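Just so it is clear, none of the values below were taken in a lab; they were calculated from the coordinates. On a predicted model such as this, the values are computed, not experimentally measured, just so you know. Note: ideal-geometry Cβ built from the backbone for every residue, glycine included; neighbour counts use all protein chains shown.
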Amino acid sequence: MRQLTELRRDPHLCGWFRRLCKQDPPWSNTTRQHYLLNLRRLLHDLAAAGHPLQPGLILNEDFPRLPQYLPRALSPEDDSRLQQELRRTDDLSSNALMLTRLTGIRIGECIHLSLDSLRSLGHDQWALHVPIGKLYTERLVPVDEDLRHIVTSILTLRAQAPASHLAKSAGLLLPRSASPKTLYAHLNFALHRAAERAGCSHPVTCHQLRHTYATEMIRLGISLPALMRLLGHKDIRMTMRYVQVTQADLQHQFHLARQNAVQLHQIPQLSIPTSLSTNADLPGIRRTLSATRHLLEMYRRQLQDETARRKLQHLDKRLLNVVFELDRFTEAQK
């Protein structure tokens, strides 16, 4: 190729795509996507400068799919060690992080909790009022006695904060010295240090606490619609992305399902006709049609192919129409 006008999608661009996929050691999808983005931007600039380029040289489907970057839930071992360390530290930051872990709220929602966020809903029923957040929704998250104790600890420690901090956070549960971003950075740093002290196998982020909460709730048997409400999601697909199902979970659920596989209601079995009528009269033909439909239904129930089952069901409807016409003919002969 000597001129830009000679540039074609096939073989030039397609050949280059294949070459990107054959690098040794292999490049990640993110790296290959950056190459495609940079080249497409260059081609757009050349076209804007008046160079005659063919359209559609790089299409959206050419870009490799990026991996999911949502943080994964902590392992049960890391989660247990981290909670023990946060409870041992028992300062304002560690209690705020424990509140985030045990309610699954976003760290930004935790920062904006009000002083009266703990609400009584009735006899021995309490909930944490989460203000309007990322998805412009507010919700009530049920809490237990342990969480009520954490909120009480935060209120006690809050009263000991400097007056300047309290003045900048009037009406808020967590005192701050500056902007919410500064408080977020402080909590993130406190979590990082706590994870190091606890000996966690990987660095921990604030959002991982939310994923860990979601995974724990699923393991405890909560339904996905209920979990969606607890997390403040508007789409069940987002909730499912938050949930991590491990092989141990699969084994547990499989064996639990096998234990509960006893049928409470037995499906009645169709009996096989012992004999078919051979009489060449209308009642004999009627009995033969009924027996044929009976055998057809027994055969249909044994099939696994849903398409074949539907076809046989349509065939049975045709036989039923024949039975109706035969009954009408019989009535007319009387």
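For the reader, a short list of remarks on this structure follows.
- Radius 14 Å from Cβ of Arg310, net charge of other residues (Lys, Arg +1; Asp, Glu -1): +2
- What the Kirkwood sum gives for the chain is a hydrodynamic radius of 27.2 Å, with every pair of different alpha carbons counted.
- Only aspartates and glutamates eight or more places from Lys311 in sequence, or on another chain, were considered; those with a Cα closer than 15 Å are Glu297.
- Highest-fluctuation residue, Ala47, Ala163, Ala127 considered, GNM on the chain with Cα pairs under 10 Å: Ala47
- Per principal axis, descending, Cα span of segment 76-247 in whole Å: 49, 39, 30
- The translational diffusion coefficient of segment 1-131, from Stokes-Einstein at 37 °C and 0.692 mPa s with a Kirkwood hydrodynamic radius over alpha carbon pairs, comes to 161 µm²/s.
- For Lys234, the lysines whose Cα falls under 17 Å of its own Cα, not counting residues fewer than eight places away in the same chain, are Lys134.
- Across segment 76-247, Cα pairs under 8 Å and at least six residues apart give a relative contact order of 27 percent.
- Prolate/oblate/rounded label for segment 98-197 (Cα gyration tensor, a/c 1.5): rounded
- Aspartates and glutamates whose Cα lies under 17 Å from that of Lys334, excluding same-chain neighbours fewer than 8 positions away: Asp281, Glu325
- With contacts taken as Cα pairs under 8 Å at a separation of at least 6 residues, the chain carries a relative contact order of 15 percent.
- Sorted peptide list for 53-62, 171-180, criterion being average Cβ within 10 angstrom, highest first: 171-180, 53-62
- Rounded tilt (10° steps) of 76-89 against the dominant C-alpha axis of the chain: 30 degrees
- Segment 282-333: C-alpha gyration tensor shape, a/c 1.5 cut-off, then a/b vs b/c: oblate
- Approximate spin-label separation Asp62-Gln302, in nm, with each point projected 7 Å along Cα-to-Cβ: 5.6 nm
- The angle separating the long axis of helix 282-302 from the principal Cα axis of greatest extent in the chain is about 30 degrees.
- Centre-to-centre, using Cα atoms only, segment 79-111 and segment 12-72 are separated by 42 Å.
- Cα-based helix-to-principal-axis angle, 206-219 vs the chain, degrees rounded to 10: 30 degrees
- Likely footprinting exposure, Cys14, Cys200, fewest C-beta neighbours within 10 Å first: Cys14, Cys200
- Counting only DSSP H runs of at least 4 residues, each contributing -39500 (n - 2.57), and dividing by the residue count of the chain, the helix-based mean residue ellipticity at 222 nm comes to -18000 deg cm²/dmol.
- Taking chymotrypsin sites (Phe, Trp or Tyr not before Pro) in DSSP loop states with no more than 16 other Cβ atoms inside 10 Å as exposed sites, the chain has its longest site-free stretch at 137-334.
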